[in-house]
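*Asks:* Have a look at this one.
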Amino acid sequence: MDDAVLRVEDVVKEYGKGVKTRALDHVTLAVGAGEITALVGPSGSGKSTLLNIIGLLDRPTSGRVVLGGVDTSTLDERGLTALRGRRLGFVFQFHHLLPAFTAVENVMLPAWGDGGVPSADMRAGAEAMLREVGLGDRMSYRATDLSGGQQQRVAIARALARRPPLVLADEPTGNLDTVSSAEVFALMRRLNRELRTTFIVVTHDPRIAAQCDRIVELVDGRVHGDRLTTAEERAPP
Amino acid sequence: MPFEWFVALRYLRDGKGQTALILAAVSVGVSVIVFLSALINGLQTSLVDKTLGSQPHVTLRMPRQAPRPLVEPTASVAIARRIQESSQRLQSIDQWPEVVSTVERVPGVIAVSPSITGAGFAVRSDAKSAVVIRGVEQERFLAIIDVRKKLVGGRFELGGGDVAIGSTLAKDLGVGVGDKIRLASSEGVDDVVTVVGIFSLGNEGVDKTWVITSLRHAQALYALPGGVTTIELKVADVFEAEHVAVDVRGRTGLQSDSWMKINADLLAGLSAQSSSKNMIQFFVALAVALGIASVLIVSVVQKSREIGILRAVGTPARRVLMVFLIQGGVLGVLGSITGSALGALLAKGFESLVRDANGAPKFPVQLDASLFAFAAALATGVGLLAAVIPARNASRLDPATAIRNG
C-alpha cells in the first residue's frame, strides 16, 4: 500500500528469559491514510502488545515498524519519543487525563511537553480542539469534574491536538455506557472524515468494530482475519 | 511558564496535604539549623568579644632573654648540661617608634598602641593590692581597648599623676573617683596618684588588677625613660590574628603573641562547639533530605501512570526528571524561607526571655544575612539532592508499563 501511514513488517515480540512467550508471531500489516481500523481478538491475542509496538512504547523482538516512512527500528529512545509526540495520538480506555490539570491544559500537554514553553497558538489550538469535540464550555474544568464521556472526549481532543496522522485508541469506549460509546465513536468518525486522521481502535465491542472501515483480527499473536467492512455494517444503529 | 515548572508547581499545589507536611518538616529542620547557629554563633561572638574586650589581638615584646654560656664548648672543654634559666627583667623594645611605624603598615593591622606593662602594688591606708600597671598613650590605647565605654565612674583622661583603675580593685582598696592611692612599681619607684576613672571590662582578673596611667608616668615608675615594653595591635579580622602575629614576627624579630595563642583553650572550646553545631546541622539536613526524598518517591509511585501518559504523548525523559527536581528545589526554598523566619523568631524569643540579673541577654543570638543565605543554600541543595533519585526513577519509567500498572 503506497499511501500507508503505517507498515508493520514481520513483527515478532517475545517476553521472558529462557522459556520465552511469543506475544506476536510474524505480524505484517499496512494501514492506509484516513482509515479506521478495528483491532479485535480475544484477551491475550496480542492486541495491546501490537498497539504498544505501533505506538513506539515497546520495541519488537524482530521485524520493524515504519511510521510515516520512518523506519523506527533505527531510532534511539529520544528519537522514538519525539516521533511519538509528533506523529501519534493516544486514546486510552480509562482516558488517563491528568487529574490536577484542566481540560484545556490536558489537551495542551503533548505540544507543551515537547516544546517546553506554551504559546498562544498552542492554547488556541487546544481550545479549538475542545470546541471541536463539543466541550467549548468545559475548558477550565478539571478532568475529575467531567463525566466519563466528557473525559474521553477530552482524551480524544488531546490525541488530536497536534494533528497527528495516526491515532491509537485502546478500548476507547470500553469504560462507557452505550450512549456515550456511540457518541465517542461518532466523534472519532467525524474527526476522521474532517481531518483525514487515521485511527487504529482496539475494541472488544463488535458494534464499534463493525462501524470501522476495516477489521483486523488477532488470534494467538497472528493475524487471523483482515477484512473491509460493508457500508451496511458501518451504518450507525 | 515552562512545562517543567508548571507541572511541578501544579503537582505540589494538587497534593496540598503532602506538600504542607513536608514543608512543615523542612521548615522545622531549617529553623533548628537557624536557631542553633544563631545561638552558638552569638555565644561564640560574645565569648570572643568578652575575651578581646580586655586584651589586644596581638602583643609584641622583646624576646625572652636566654642564658648565654660564659665559655663556649670546645673539643677539650665540656659544658655542664644543666643550664639555669635567665631571670626576665622588664626591658624596652629597641627603636620602638620605628617598630610602631613598621607594624602600622602590616596588612590587617588597624590600630597600634605602645605601652609599658609591669607589676606593682597599689596601697591605700592598710589596704594593699598587687596590681598590673599599664602605661599607655591614651588615644592609641582607646583604639585597642575602648575603656571609655566601660567606665563605671569618672573619666578616662590620664594626666600626669592620674590613673584609671578596675572596679574590683577600687572596691578592694575602698577608693572612689578623686581619691588618692600610692602606686609602687616593681622597680622600687613609688608615687601618689589620683583615681580619675573606674572601669569594668567584664574580666575579673583585669578589673581586680589593672591600673592604667599615662605612658610618660609609667616610664618614670619603671625607670624606662622614653621606652615601652609592649606594642599592642588590633587587627581587622580577629580570627586572622595569628597570621598577622607571624607576619609581624617575621618583620620585627620581636616576640609576637596573638590572642588566639594566649587563649588556646578558649579556641579549642569554640572549635568543639562549632564541630557539635556542624554535626547537628548535618543530621538535620539528612533528616530533611530523607523527608523530601520519601515524599517524592511516594509521589512518583502515585503518579507513575500520569508520568507514563506524559512520556507516551511525547514528553522527553529530561523534562520529567526536571519536574521532580524542581519539586525538591521548591520544597527546599520554601522550607528555608519559612524555616529561617521561624528560627529567627525562636532565637529572638529565646534571647529576650532568658536574661541575667542586669537584664542583658544571657544567650545573645547572632542573626545575619550569611546565616540565612547558608540555610537557604543548604535547604535548596538538600531538596535538589533528595529529589535526584525519585526524579531519575520517574524519568526512567517505561511508559507502557506505567500506564498498564500505574
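*Asks:* Identify, please: which residue in the range B:285-309 is without any contact (Cβ under 8 Å) to a residue 24 or more places away in the chain and hydrophobic (A, V, I, L, M, F, W, C) and is, among those, farthest from the other protein chains (Cβ to nearest Cβ)?
*Replies:* B:LEU286
*Asks:* Go through (1) closer than 24 Å to A:VAL40 by Cα; (2) surrounded by fewer than 18 Cβ atoms within 10 Å (Cβ to Cβ); (3) at pLDDT 85 or above; (4) in contact with a helix residue (DSSP H, G or I) (Cβ under 9 Å, 6 or more places away or on another chain) for A:ASN175 and report which single condition fails.
*Replies:* (3) is the only condition that A:ASN175 fails.
*Asks:* Going by the structure shown, is B:ILE165 surrounded by 22 or more Cβ atoms within 10 Å (Cβ to Cβ) and either under 27 Å from B:SER258 (Cα atoms) or basic (Lys, Arg) (or both)? Spell out how you get there, then give the answer.
*Replies:* On the way: surrounded by 22 or more Cβ atoms within 10 Å (Cβ to Cβ): yes; either under 27 Å from B:SER258 (Cα atoms) or basic (Lys, Arg) (or both): yes.
When the stated conditions are applied, B:ILE165 passes them.
*Asks:* Out of all the residues in the range B:16-45, which are surrounded by fewer than 18 Cβ atoms within 10 Å (Cβ to Cβ) and among the hydrophobic types (A, V, I, L, M, F, W, C)? Spell out how you get there, then give the answer.
*Replies:* Quick first cut of the range B:16-45, residues surrounded by fewer than 18 Cβ atoms within 10 Å (Cβ to Cβ) only: B:16-18, B:20-21, B:24, B:43, B:45.
Across the range B:16-45, the qualifying residues are B:ALA20, B:LEU21, B:ALA24, B:LEU43.
*Asks:* Something else: At least 1 residues that are of a type in the set (Gly, Ala, Ser) and within 16 Å of the chain's Cα centre (by Cα) in each: list the helices (runs of 4 or more DSSP H) lying fully within the range A:39-124 that qualify.
*Replies:* Values: elements: A:47-54, A:77-87, A:103-115.
Correct list: A:47-54, A:77-87.
*Asks:* Can I ask one more? Might you let me know whether the range B:19-30 holds any residue that is within 14 Å of chain A (Cβ to nearest Cβ) and in contact (Cβ under 8 Å) with a residue 12 or more places away in the chain?
*Replies:* In the first step, residues of the range B:19-30 are kept if they are within 14 Å of chain A (Cβ to nearest Cβ); the result is B:19.
From what's left, in contact (Cβ under 8 Å) with a residue 12 or more places away in the chain: B:19.
Yes - at least one qualifying residue is present in the range B:19-30.
*Asks:* Something else: What are the residues in the range A:14-38 that are more than 18 Å from A:ARG59 (Cα to Cα) and over 22 Å from the mean Cα position of the chain (by Cα), if any? Steps first, please.
*Replies:* So in the range A:14-38, the residues more than 18 Å from A:ARG59 (Cα to Cα) come out as A:18-19, A:31-38.
Of everything in the range A:14-38, those that are more than 18 Å from A:ARG59 (Cα to Cα) and over 22 Å from the mean Cα position of the chain (by Cα) turn out to be A:GLY18, A:VAL19.
*Asks:* Quick one: is A:VAL202 within 14 Å of chain B (Cβ to nearest Cβ), touching a strand residue (DSSP E or B) at 6+ places or on another chain (Cβ under 6 Å) and not polar (S, T, N, Q)? Don't jump to the end; show me each part of the working.
*Replies:* Details: within 14 Å of chain B (Cβ to nearest Cβ): yes; touching a strand residue (DSSP E or B) at 6+ places or on another chain (Cβ under 6 Å): yes; not polar (S, T, N, Q): yes.
The answer is yes for A:VAL202.
*Asks:* Every residue in the range B:251-266 that is surrounded by 18 or more Cβ atoms within 10 Å (Cβ to Cβ) and without any contact (Cβ under 8 Å) to a residue 60 or more places away in the chain, please.
*Replies:* Result: B:MET260, single match.
*Asks:* Across the range A:90-120, which residue is modelled with the highest pLDDT among those that are in contact with a strand residue (DSSP E or B) (Cβ under 7 Å, 6 or more places away or on another chain) and more than 8 Å from every other protein chain (Cβ to nearest Cβ)?
*Replies:* A:THR102
*Asks:* Hey, another quick one. Among the residues of the range B:135-144, is any β-branched (Val, Ile, Thr) and either farther than 22 Å from B:THR252 by Cβ or in contact with a Phe, Trp or Tyr (Cβ under 8 Å, 6 or more places away or on another chain) (or both)?
*Replies:* Of the range B:135-144, the ones β-branched (Val, Ile, Thr) are B:136, B:144.
From the residues that got through so far, the ones that are either farther than 22 Å from B:THR252 by Cβ or in contact with a Phe, Trp or Tyr (Cβ under 8 Å, 6 or more places away or on another chain) (or both) too are none.
The answer is no, given that none of the residues of the range B:135-144 is β-branched (Val, Ile, Thr) and either farther than 22 Å from B:THR252 by Cβ or in contact with a Phe, Trp or Tyr (Cβ under 8 Å, 6 or more places away or on another chain) (or both).
*Asks:* Kindly indicate whether any position in the range B:161-179 is within 27 Å of B:GLY226 (Cβ to Cβ) and at pLDDT below 90.
*Replies:* Taking the range B:161-179 and keeping what is within 27 Å of B:GLY226 (Cβ to Cβ), we get B:161-165.
Checking the rest, the ones that are also at pLDDT below 90 come to B:161.
Checked against the condition, which is being within 27 Å of B:GLY226 (Cβ to Cβ) and at pLDDT below 90, the range B:161-179 yields at least one hit.
*Asks:* Next question. Can you confirm whether the range B:143-157 contains a residue that is over 22 Å from B:VAL228 (Cβ atoms), touching a residue at least 60 places away in the same chain (Cβ under 8 Å) and in contact with a strand residue (DSSP E or B) (Cβ under 8 Å, 6 or more places away or on another chain)?
*Replies:* Checked against the condition, which is being over 22 Å from B:VAL228 (Cβ atoms), touching a residue at least 60 places away in the same chain (Cβ under 8 Å) and in contact with a strand residue (DSSP E or B) (Cβ under 8 Å, 6 or more places away or on another chain), the range B:143-157 yields at least one hit.
*Asks:* Would you check if there is a residue in the range B:374-394 being hydrophobic (A, V, I, L, M, F, W, C), within 14 Å of another protein chain (Cβ to nearest Cβ) and buried (at least 24 other Cβ atoms within 10 Å of the Cβ)? Please lay out each step first, then the result.
*Replies:* Let us first name the residues in the range B:374-394 that are hydrophobic (A, V, I, L, M, F, W, C), namely B:374-379, B:382, B:384-389, B:391, B:394.
Within this subset, residues satisfying the condition of being within 14 Å of another protein chain (Cβ to nearest Cβ) are B:394.
Now restrict to residues that are buried (at least 24 other Cβ atoms within 10 Å of the Cβ): B:394.
Taking every residue of the range B:374-394 in turn, at least one turns out to be hydrophobic (A, V, I, L, M, F, W, C), within 14 Å of another protein chain (Cβ to nearest Cβ) and buried (at least 24 other Cβ atoms within 10 Å of the Cβ).
*Asks:* Being buried (at least 18 other Cβ atoms within 10 Å of the Cβ) and touching an Asp or Glu at 6+ places or on another chain (Cβ under 8 Å) is the filter here, so list the residues in the range B:221-250 that pass it.
*Replies:* The answer is B:LEU221, B:TYR222, B:ALA245.
*Asks:* Answer yes if at least one residue in the range B:60-77 is in contact with a helix residue (DSSP H, G or I) (Cβ under 8 Å, 6 or more places away or on another chain), modelled with pLDDT of 90 or more and surrounded by 13 or more Cβ atoms within 10 Å (Cβ to Cβ), and no otherwise. Before you say what the answer is, go through the steps one by one.
*Replies:* The initial filter retains those residues of the range B:60-77 that are in contact with a helix residue (DSSP H, G or I) (Cβ under 8 Å, 6 or more places away or on another chain), namely B:60.
Applying the additional criterion that residues be modelled with pLDDT of 90 or more yields B:60.
Those left that are additionally surrounded by 13 or more Cβ atoms within 10 Å (Cβ to Cβ): B:60.
Yes: one or more hits.
*Asks:* What strands (runs of 3 or more DSSP E) completely inside the range A:136-237 contain at least 3 residues that are under 27 Å from A:MET122 (Cβ atoms)? Talk me through it step by step, then tell me what you get.
*Replies:* On the way: elements: A:166-170, A:198-202, A:214-219, A:222-228.
Counting at least 3 such residues, we get A:166-170, A:198-202.
*Asks:* Given the structure, is A:THR72 more than 24 Å from A:GLY225 (Cα to Cα), free of Cβ contacts under 8 Å to residues at least 24 places away in the same chain, hydroxyl-bearing (Ser, Thr, Tyr) and surrounded by fewer than 23 Cβ atoms within 10 Å (Cβ to Cβ)?
*Replies:* Numbers: more than 24 Å from A:GLY225 (Cα to Cα): yes; free of Cβ contacts under 8 Å to residues at least 24 places away in the same chain: yes; hydroxyl-bearing (Ser, Thr, Tyr): yes; surrounded by fewer than 23 Cβ atoms within 10 Å (Cβ to Cβ): yes.
So A:THR72 passes the test.
*Asks:* Next question, about the same structure. Within the range B:1-18, can you find the residues that are more than 7 Å from chain A (Cβ to nearest Cβ) and under 11 Å from B:VAL320 (Cβ atoms)?
*Replies:* The answer is B:GLU4, B:VAL7, B:ALA8.
*Asks:* Of these, B:VAL211, B:VAL196, B:VAL175, which one is aliphatic (A, V, I, L, M), surrounded by 15 or more Cβ atoms within 10 Å (Cβ to Cβ), touching a Gly at 6+ places or on another chain (Cβ under 7 Å) and closer than 18 Å to B:LEU158 by Cα? Walk me through how you get there before you give the answer.
*Replies:* On the way: B:VAL211 fails: touching a Gly at 6+ places or on another chain (Cβ under 7 Å); B:VAL175 fails: touching a Gly at 6+ places or on another chain (Cβ under 7 Å).
Unique residue meeting the criteria: B:VAL196.
*Asks:* Taking the range B:271-284 as the search range and keeping residues that are in contact (Cβ under 8 Å) with a residue 24 or more places away in the chain, surrounded by fewer than 19 Cβ atoms within 10 Å (Cβ to Cβ) and of a type outside the set (S, T, N, Q), which one is nearest to the other protein chains (Cβ to nearest Cβ)?
*Replies:* Looking at the filtered set, the residue picked out is B:ILE280.
*Asks:* As an exercise: evaluate A:ALA235 against (1) more than 16 Å from the chain's Cα centre (by Cα); (2) buried (at least 22 other Cβ atoms within 10 Å of the Cβ) and give the number of the one condition it does not meet.
*Replies:* Every condition holds for A:ALA235 apart from (2).
*Asks:* Then there is this: Return the only residue of B:LEU158, B:LEU201, B:LEU169 being under 20 Å from B:THR59 (Cβ atoms), in contact with a helix residue (DSSP H, G or I) (Cβ under 7 Å, 6 or more places away or on another chain) and either part of a strand (DSSP E or B) or of a type in the set (A, V, I, L, M) (or both).
*Replies:* Values: B:LEU158 fails: under 20 Å from B:THR59 (Cβ atoms); B:LEU169 fails: under 20 Å from B:THR59 (Cβ atoms).
Within the list B:LEU158, B:LEU201, B:LEU169, the selection yields B:LEU201.
*Asks:* Also: Please go through (1) within 30 Å of B:PHE141 (Cβ to Cβ); (2) surrounded by fewer than 13 Cβ atoms within 10 Å (Cβ to Cβ); (3) modelled with pLDDT under 85 for B:GLY53 and return the number of the only condition it doesn't satisfy.
*Replies:* It fails just one condition, (2).
The values are calculated or read from the model by the stated rules, or taken from the named source; none is laboratory data. This structure is a prediction, so every number in the text was calculated from the model and none was measured. Positions of Cβ are generated from backbone atoms using ideal geometry, with glycine treated the same way; all protein chains shown enter the neighbour counts.
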